[in-house]
Number of protein chains: 2
Amino acid sequence: MSHTPGVRLAQKRKTRQALLDAALALLEEQSLSSLGLREVTRAAGVAPTAFYRHFRSTADLGVALVEEALGSLHPMIRTTVSPAEGSDERIARAVELIAGHVAAHPAHVRFVARERHGGVQPVREAIREQLVRSAGEVRDELAKDPVSAGWSEADLLMLAGLYVDQMLATASLFLETLQAPEEERRRAADTATRQMRLISVGRRHWLD
Amino acid sequence: MSHTPGVRLAQKRKTRQALLDAALALLEEQSLSSLGLREVTRAAGVAPTAFYRHFRSTADLGVALVEEALGSLHPMIRTTVSPAEGSDERIARAVELIAGHVAAHPAHVRFVARERHGGVQPVREAIREQLVRSAGEVRDELAKDPVSAGWSEADLLMLAGLYVDQMLATASLFLETLQAPEEERRRAADTATRQMRLISVGRRHWLD
DNA sequence: AATTTCAGAGAACAGTTGTTAACTGCATGG
DNA sequence: CCATGCAGTTAACAACTGTTCTCTGAAATT
């Protein structure tokens with residue numbers, strides 16, 4: 001118990017997290033491409049030069065944000081499709097799960113939706129990579145389902161990609177209606193639910 | 001024939017178009033949120049102050065770009081879904097139509113995909129507005145189809161929205177694979193085709 | 001032919017940016 | 001306990017930003 005081997009590293013991580021948090025907050029009203037180094041350090045309450053102790057550039061910080069944001073989105077996507085799927089109650093629960101995640105981590109969802117096609121190439125790449133991995137996991141879940149019997153590998157991946165895209169689109173839609181009146185939010189959830197239902201109807205009749 | 005009432009306005013429009021073109025080119029490697037006024041005028045070959053004769057701000061220019069970009073995307077989306085849809089050849093033709101549009105107007109597609117969720121609110125709004133209108137037109141086309149007999153108004157709009165999103169996702173996918181080897185492009189087109197097929201299978205069995 | 005209009009240029013402003021260098025102080029490992 | 005490592009600070013730089021005011025020249029109007 002003589003020395004806690006981390007007082008220094010702990011402080012470093014704290015500052016790093018402050019930079020990430022400050023950046024994420026600033027990114028609610030702009031794109032990563034326009035995020036300034038000084039802007040971030042100012043918001044985080046540190047000197048501009050301290051930035052370099054953690055990141056090479058704002059693009060580099062963006063890549064770190066991708067890991068943080070999709071580290072929470074990842075399991076969500078996975079669990080959304082995991083319960084066999086098919087019955088309407090399960091789809092409804094999946095939509096609620098997405099809505100809950102958006103309510104809990106709105107900044108993360110916004111960041112991913114915004115930078116997925118954004119102006120910073122390394123960040124786009126990092127997001128794409130994570131989504132491809134998510135699609136792979138979704139494919140594995142789909143493969144377990146008896147409904148997928150007889151499906152080709154390519155078709156499983158095709159459907160997995162469709163699901164991932166649809167989840168992101170749904171999350172983005174919920175994000176837009178976050179501050180909207182209750183009725184509009186309900187309508188959005190209803191539309192998203194029916195879209196997922198239609199996709200799974202298509203899934204059930206795919207091999208006809 | 002004494003005076004051509006447009007020599008002046010024609011020159012103004014020419015400069016305006018030069019600004020729009022320069023901006024669109026610059027936006028291939030960044031987001032609108034980081035696009036500078038001076039940067040645009042420099043690329044367009046005019047003085048910085050000339051910018052104000054045409055746009056209030058870069059956000060304002062962005063809104064103008066939305067109209068230009070979706071003025072060409074609009075009819076494409078509409079015609080894609082217009083031929084009754086259902087048979088596989090027609091879906092394949094629709095996918096080819098999208099691929100052709102992406103190849104012909106890559107910068108416009110990139111702009112819309114990037115700024116749809118981008119950091120400039122008025123531009124997001126303008127894009128959303130146009131996409132809502134597109135969805136409305138798609139709904140009208142779907143309603144003409146005998147397959148849609150017995151569908152509620154809400155379900156028609158739900159499907160129209162799904163189609164519009166899917167078209168944009170497909171266009172964005174094609175954009176990424178624009179410079180990729182032939183085989184990868186073929187795979188992307190194949191996946192997109194099957195995704196649309198699955199959606200229309202779901203459509204045909206929706207009322208079961 | 002004289003007058004007005006107006007797109008674009010030029011110069012200057014205060015403020016911001018990313019990056020460098022040299023520093024300070026404290027937790028760490030010997 | 002002391003020497004080292006290193007997170008964070010301070011100061012300074014050249015370059016760039018959006019915006020203002022003033023001016024110019026040619027097209028448009030009368």
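For the reader, a short list of remarks on this structure follows.
- Qualifying residue in the stretch B:27-38 (condition: under 18 Å from B:A126 (Cβ atoms), within 16 Å of DNA strand C (Cβ to nearest atom) and in a helix (DSSP H, G or I)): yes
- Only one of the numbered conditions (1) more than 16 Å from DNA strand C (Cβ to nearest atom); (2) more than 14 Å from every other protein chain (Cβ to nearest Cβ); (3) out of contact with any His (no Cβ under 9 Å at 6 or more places or on another chain) is violated by A:H101, and that is (3).
- B:P75 vs. criteria near DNA strand D (Cβ under 8 Å from one of its atoms), over 15 Å from B:E115 (Cβ atoms) and more than 14 Å from chain A (Cβ to nearest Cβ): no
- Yes/no for A:A135 being open to solvent by less than 20 Å² (accessible area, probe 1.4 Å) and either among the charged types (D, E, K, R) or within 13 Å of chain B (Cβ to nearest Cβ) (or both): yes
Quick grid of which residues meet (1) under 29 Å from B:A135 (Cα atoms); (2) among the aliphatic types (A, V, I, L, M):
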| residue | (1), (2) |
| --- | --- |
| B:T15 | no, no |
| B:L32 | yes, yes |
| B:T41 | no, no |
| B:A69 | yes, yes |
| B:P106 | yes, no |
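- Residue check, A:G45 at pLDDT 95 or above and either within 12 Å of DNA strand C (Cβ to nearest atom) or under 19 Å from A:A107 (Cβ atoms) (or both): yes
- Taken as a whole, the condition of being free of Cβ contacts under 8 Å to residues at least 40 places away in the same chain and either near DNA strand D (Cβ under 10 Å from one of its atoms) or closer than 21 Å to A:H117 by Cα (or both) does not apply to A:R42.
- Scanning the stretch A:138-162 for residues that are part of a helix (DSSP H, G or I), open to solvent by 30 Å² or more (accessible area, probe 1.4 Å) and either modelled with pLDDT of 95 or more or more than 19 Å from A:L198 (Cα to Cα) (or both) yields a total of 7.
- Among the conditions (1) more than 15 Å from B:E137 (Cα to Cα); (2) open to solvent by 10 Å² or more (accessible area, probe 1.4 Å); (3) not in a loop (DSSP other than H, G, I, E, B), the only one that B:D165 does not satisfy is (1).
- Subset of the stretch B:47-64 (residues that are more than 20 Å from the chain's Cα centre (by Cα) and either in a helix (DSSP H, G or I) or away from DNA strand D (no atom under 12 Å from the Cβ) (or both)): B:P48, B:T49, B:A50, B:F51, B:Y52, B:R53, B:H54
The values are calculated or read from the model by the stated rules, or taken from the named source; none is laboratory data. Keep in mind the model is a prediction, meaning the values are calculated, not measured. We place every Cβ from the backbone using ideal geometry, glycine too, and count neighbours over all the protein chains shown. The area values use the complete protein model at the heavy-atom level, side chains included, leaving out ligands, DNA and RNA. Shrake-Rupley method; radii C 1.70, N 1.55, O 1.52, S 1.80 Å.
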